[in-house]
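What follows is a single structure, written as structure tokens, with notes after it.
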Amino acid sequence: MLAKTLSYGLFGIDGFPVLVEADVANGLPACDIVGLGDTAIKEAKERLKAGIKNSGLDFPTNKITINLAPADRKKEGTLFDLAMAMALLSATGQVKIQEQYIFIGELSLGGQIRAINGVLPLLISARKAGYKKVIIPEKNSKEAGFISGLEIYAVKTLKQVVDFLSGNILLEPIKNSSFEEALKDDDSYQNDFANVKGQASAKRALEIAAAGGHNVLMIGPPGSGKTMLAKCFPSILPDLTFEEALEITKIHSIVGQLDINKGIVTKRPFRTPHHTASQISITGGGSHARPGEISMAHNGVLFLDEMPEYSRQTLETLRQPLEDGKITVSRANMTVTYPANFMLIASMNPCPCGHYGSKNGECRCTPAQIHRYLSKLSGPLMDRIDLHVEVDSVSFSDLNDKVSEESSASIKERVNKARKIQLERFNSSSHFSNAQMNHAQTKKYCTLSKECEDLLETAFNSLNLSARAYDRILKVARTIADLEGELCILPQHIAEAIQYRSLDRKYWV
Amino acid sequence: MYNLNEKAVIWLTLFDFMTSKKMEEVLSLYDEPSELLSKLDPEIKSLVSAENFSKMEEYFSNNILNSYIEALEKDGVKCITIFSENYPRRLKDLEFPPYALFCKGNISLLQSRCFGIVGTRVPTAYGRTVTQSFAKGLAENGLTIVSGLAMGVDKIAHETALETGGKTIAVLGGGFNHIYPTMNENLAKTISEKGLLISEYRPSVRPTAYNFPVRNRIIAGLSDGILITEAGEKSGALHTKEYSLECGRDVFVIPGNITSAKSAGTNRLLKSMQSALVTSYEDILEAYSITPTKHKKPSKQLGFNEQIIMNALSDGELSFDEIQIKTGLEIKILNSCLTTLQISGLIKKLPGNEYMLSGQ
């Protein structure tokens, strides 16, 4: 007897339909699974045997062949278990499948259905392809609830599926979860700017960065609070839109880093890979071309602490994704494009010992050492960082100060307002912030009055700014104007933007 | 072209062991230096080692002098010897004046009024600022700034002189083909175009640690006086001071903070009364009876907020946060005012997000 069921496989962050065929023929008892499956799929036959038997059903003692079509495409993971079991049961006549269902789930030896990774991208692909009914593991139901337009049934055991399809029991399709509620459940951040004393200029720079999506480099002596500031940064980032959240959740779901109980990512990711991280772990790759840290930071923040300590090669690989907002990972058997639209927050010391220009310690580095340290950050990479801020060391009296600092919530309010202006300005699905403007757009949206042009020109001449600073200053000035709610860029916006180009200034060794 | 006396000296520069002292000894064996080109006196053997002498004999028989001079010309290098007419006379005050000076650039600067600026290779923000302001003032008033093209104070002195459109001479511790530190290669190129590079060594000689103190004597000899802007206890600038005092040049010193290790050398000099304390470039101009050109004060009216910032900074340098607390200005306003003040040259930004009045 031959039977077919439908399942979905994962490729990158998209799903593709997989037809599972089971044939039960006369011959010596055997069970073969063909169709370019990985080891997890080959091992599925043991799970099938035990799972079916322990559900009180019969595992046929015939020659069984299971094929996963298209048979020339590599498949991986345990999510086909349920579809294979259903095809087998259907081929032996133990269940009758009358409607087209997509089966997704891993089988345990006891016949339970286990959670799998990547449910969200699979469901999105299935909905796009026009399928209507899906059966998924119960543990994944929270995540699946954010997909509307599909009839999704969550199941706990294999027996339950058989009973449901045979009409012995009734199952309700899972209810849609509300994104707003998920957001509300979880609006707390561990770190708040209210707890950071002083650092007024750095806070202001981070506010501008959050509002315009600009990349930031913080420079300061050890112990000045760079890491602390960066950790508070997510708390002032603009709220996620549902589309953004889905994109993030897709990636996190594939990698298996999604909180199953929450089902969706509600906060912008904040990724902090250590500087010993390999290039592959940052960009993505490996034999299965998995997403890397920069894709995990999609729509969020990638924080590189002590940036010059990262290998030069690793840093240079960031250049292209910083520009394009995505990364294409090519391996021998697959080429996958992952989104990687992240904000880069980096921190560094001004010199190897960390005390150059600091009041609290004498710098013992030679100019050559400082030069070498700074030149680890290549020009093209620096080109992509809009804001440079110098972070002072904080004095004890500042730390002890009783003055209360502004809370993240009130900064976030301003950020949200500025971001809204930008969303209206660009009015596009792929373009959210000033930092993403290309040269033509910069020209269009950052028109300068005569007064501003004069100021910029004198600044370039008298402050030794390098040419690469020009577009950066315009973009940052645009964001500052947005924060003020101004339609035009005014001279004071330009003047403030110039303050954030310290590494371009030649006083730096 | 070179006369025979000059050629004799140029020939001697082919040998690394020929210091100016050795040259003097060798040439004193002859009545006229030019005779060296026709005959190698066997007595030279007693002055240099046997091995070196055989090398001289070898070069002598090969007659490579003409191709050597041609190669120099091709590189745009001129050689001025102690027998040349345009040899700067002031150098003869030295105990061992250089016999040959390889030059690249505007040779006439050697006849101009020169002034040396030297100091530590790792200046503090203070050292940087005072070097800049003194070099600017002196260069603007027609003095040629002489220094050693090292990192730090030397580099700042050269750069400032060039930026203000003044003249500058860099004295190298090696040949022109081996600029040290390599970081300054671009600067050396600019100086060879707009100023003058000089070296006692032929272009292919690599700099050695020993050469640098030796070249300091040329800085001292060329200059009417030298200024030490910032120097630690063991700074090489103190060598230059020794040479300057030896040949009767003035030594000016800028005082530093007594708690700063980088000012220990300069402060010690002042304590030992070997030098004159200066606090502005006008002090130096006065010593040479030069009337300073009047600067047009920036007449621009300051805004209210800018004036508050200027007042806050009048007690010394402050960090951004300190200015903010002192002035109570909003950060966005403070940021933009600081930029406009920097553009008009009234304040300076220092590393570590600190600001100070630029004293103009």
* Just one of (1) in contact (Cβ under 8 Å) with a residue 12 or more places away in the chain; (2) out of contact with any helix residue (DSSP H, G or I) (no Cβ under 9 Å at 6 or more places or on another chain) trips up B:A135, so point out which. => (2)
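Please find, within segment B:314-334, the residue that is nearest to A:D454 (Cα to Cα) out of those that are away from chain A (no Cβ under 11 Å) and touching a helix residue (DSSP H, G or I) at 6+ places or on another chain (Cβ under 7 Å). So that I can check it myself, show each step before the final result.
Step one: of segment B:314-334, the residues away from chain A (no Cβ under 11 Å) are B:314-316, B:326-328.
Of the ones still in play, those that are also touching a helix residue (DSSP H, G or I) at 6+ places or on another chain (Cβ under 7 Å) are B:326-327.
Numbers: B:K326: 30, B:T327: 28 Å.
Per the criteria, the residue is B:T327.
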* Meets criteria (surrounded by fewer than 17 Cβ atoms within 10 Å (Cβ to Cβ) and under 35 Å from the mean Cα position of the chain (by Cα)) for A:D72 -> yes
* For segment A:490-505, how many residues are closer than 18 Å to A:E451 by Cα, more than 8 Å from chain B (Cβ to nearest Cβ) and surrounded by fewer than 24 Cβ atoms within 10 Å (Cβ to Cβ)? -> 1
* Asked: So which residues in segment A:158-205 are away from every other protein chain (no Cβ under 14 Å), under 30 Å from A:V216 (Cα atoms) and assigned to a loop (DSSP other than H, G, I, E, B)?
  -> A:D186, A:D187, A:S188, A:Y189, A:Q190, A:N191, A:D192
* Asked: Mind checking which residues of segment A:26-54 are acidic (D, E) and either under 12 Å from A:K75 (Cα atoms) or surrounded by 13 or more Cβ atoms within 10 Å (Cβ to Cβ) (or both)?
  -> A:D38, A:E43
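Among the residues of segment B:335-356, what is the count of those that are assigned to a helix (DSSP H, G or I) and either within 29 Å of the chain's Cα centre (by Cα) or within 8 Å of another protein chain (Cβ to nearest Cβ) (or both)? Can you show your working first?
Residues of segment B:335-356 assigned to a helix (DSSP H, G or I): B:335-343.
Imposing the further condition that a residue be either within 29 Å of the chain's Cα centre (by Cα) or within 8 Å of another protein chain (Cβ to nearest Cβ) (or both) reduces the set to B:335-340, B:342-343.
Counting residues in segment B:335-356 that are assigned to a helix (DSSP H, G or I) and either within 29 Å of the chain's Cα centre (by Cα) or within 8 Å of another protein chain (Cβ to nearest Cβ) (or both) gives 8.
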* Asked: Under 6 Å by Cβ, and 6 or more places apart or on different chains, what pairs join a residue from segment B:261-274 that is within 13 Å of B:L238 (Cβ to Cβ) with one that is in a helix (DSSP H, G or I) and not aromatic (F, W, Y)?
  -> B:G265/B:L238
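Test B:L149 against the criterion of being more than 27 Å from B:A261 (Cβ to Cβ), touching a residue at least 12 places away in the same chain (Cβ under 8 Å) and in contact with a strand residue (DSSP E or B) (Cβ under 6 Å, 6 or more places away or on another chain), and give yes or no.
Details: more than 27 Å from B:A261 (Cβ to Cβ): no; touching a residue at least 12 places away in the same chain (Cβ under 8 Å): yes; in contact with a strand residue (DSSP E or B) (Cβ under 6 Å, 6 or more places away or on another chain): yes.
Taking the combined requirement at face value, the residue does not satisfy it.
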* Residues of segment A:367-388 classified as in contact with a helix residue (DSSP H, G or I) (Cβ under 7 Å, 6 or more places away or on another chain), more than 8 Å from chain B (Cβ to nearest Cβ) and not polar (S, T, N, Q), total -> 10
* Structure fact -> Restricting segment B:80-107 to residues that are under 15 Å from B:I219 (Cβ atoms) and of a type in the set (A, V, I, L, M), the one surrounded by the fewest Cβ atoms within 10 Å (Cβ to Cβ) turns out to be B:L94
* Asked: What helices (runs of 4 or more DSSP H), lying completely within segment A:278-364, carry at least 3 residues that are surrounded by fewer than 19 Cβ atoms within 10 Å (Cβ to Cβ)?
  -> A:279-283, A:312-317, A:319-324
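Looking at A:R364, A:R425 in this structure, which one is of a type outside the set (S, T, Y), without any contact (Cβ under 8 Å) to a residue 24 or more places away in the chain and more than 12 Å from chain B (Cβ to nearest Cβ)? Talk me through it step by step, then tell me what you get.
Numbers: A:R364 fails: more than 12 Å from chain B (Cβ to nearest Cβ).
Result: A:R425 is the single residue among A:R364, A:R425 that is of a type outside the set (S, T, Y), without any contact (Cβ under 8 Å) to a residue 24 or more places away in the chain and more than 12 Å from chain B (Cβ to nearest Cβ).
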* To do: Tell me, yes or no, whether segment B:166-176 has at least one residue that is of a type in the set (G, A, S), buried (at least 24 other Cβ atoms within 10 Å of the Cβ) and in contact (Cβ under 8 Å) with a residue 60 or more places away in the chain.
  => no
* To do: From the list A:H371, A:H439, A:H388, pick out the single residue that is touching a residue at least 12 places away in the same chain (Cβ under 8 Å), in contact with an Asp or Glu (Cβ under 8 Å, 6 or more places away or on another chain) and under 30 Å from B:Y126 (Cβ atoms).
  => A:H388
* Do we have any residue at all in segment A:136-144 that's at pLDDT 95 or above, β-branched (V, I, T) and out of contact with any Leu (no Cβ under 7 Å at 6 or more places or on another chain)? -> yes
* To do: Please report, ordered by residue number, the helices (runs of 4 or more DSSP H) entirely within segment A:27-138 with at least 3 residues that are over 30 Å from A:E172 (Cα atoms).
  => A:39-42
* Please find, among B:T124, B:T131, the residue that is over 15 Å from the mean Cα position of the chain (by Cα), within 14 Å of another protein chain (Cβ to nearest Cβ) and under 30 Å from B:G352 (Cβ atoms). => B:T124
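Please work out if A:A440 is part of a helix (DSSP H, G or I), over 18 Å from A:A211 (Cβ atoms), more than 11 Å from every other protein chain (Cβ to nearest Cβ) and aliphatic (A, V, I, L, M).
Values: part of a helix (DSSP H, G or I): yes; over 18 Å from A:A211 (Cβ atoms): yes; more than 11 Å from every other protein chain (Cβ to nearest Cβ): yes; aliphatic (A, V, I, L, M): yes.
The answer is yes for A:A440.
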* **Test: A:P221 is assigned to a loop (DSSP other than H, G, I, E, B) and within 14 Å of chain B (Cβ to nearest Cβ)** => yes
* Asked: Is it true that A:D81 is at pLDDT below 95, in the same structural domain as A:G15 (by TED's automatic domain parsing) and within 35 Å of the chain's Cα centre (by Cα)?
  -> no
* When you go through (1) more than 12 Å from the chain's Cα centre (by Cα); (2) buried (at least 20 other Cβ atoms within 10 Å of the Cβ) one by one for A:T266, which number turns out not to apply? -> (1)
* Structure fact -> All-but-one check, B:L149 against (1) farther than 17 Å from B:R206 by Cβ; (2) away from chain A (no Cβ under 12 Å); (3) not small (G, A, S), failing number (1)
* For segment B:27-130, which fully contained strands (runs of 3 or more DSSP E) count at least 2 residues that are modelled with pLDDT of 90 or more and among the small types (G, A, S)? -> B:100-105
* Asked: Within segment B:28-36, is there a residue that is of a type in the set (F, W, Y) and either touching a strand residue (DSSP E or B) at 6+ places or on another chain (Cβ under 6 Å) or more than 21 Å from B:V205 (Cβ to Cβ) (or both)?
  -> yes
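Can A:I480 be described as farther than 20 Å from A:K203 by Cβ and either buried (at least 16 other Cβ atoms within 10 Å of the Cβ) or of a type in the set (D, E, K, R) (or both)? Let's see the steps before the verdict.
Values: farther than 20 Å from A:K203 by Cβ: no; either buried (at least 16 other Cβ atoms within 10 Å of the Cβ) or of a type in the set (D, E, K, R) (or both): yes.
When the stated conditions are applied, A:I480 does not pass them.
The values are calculated or read from the model by the stated rules, or taken from the named source; none is laboratory data. A quick note: this is a predicted structure, and the numbers were derived from the prediction, not measured. As a convention, Cβ positions derive from the backbone with ideal geometry for all residues, glycine included, and neighbour counts pool all protein chains shown.
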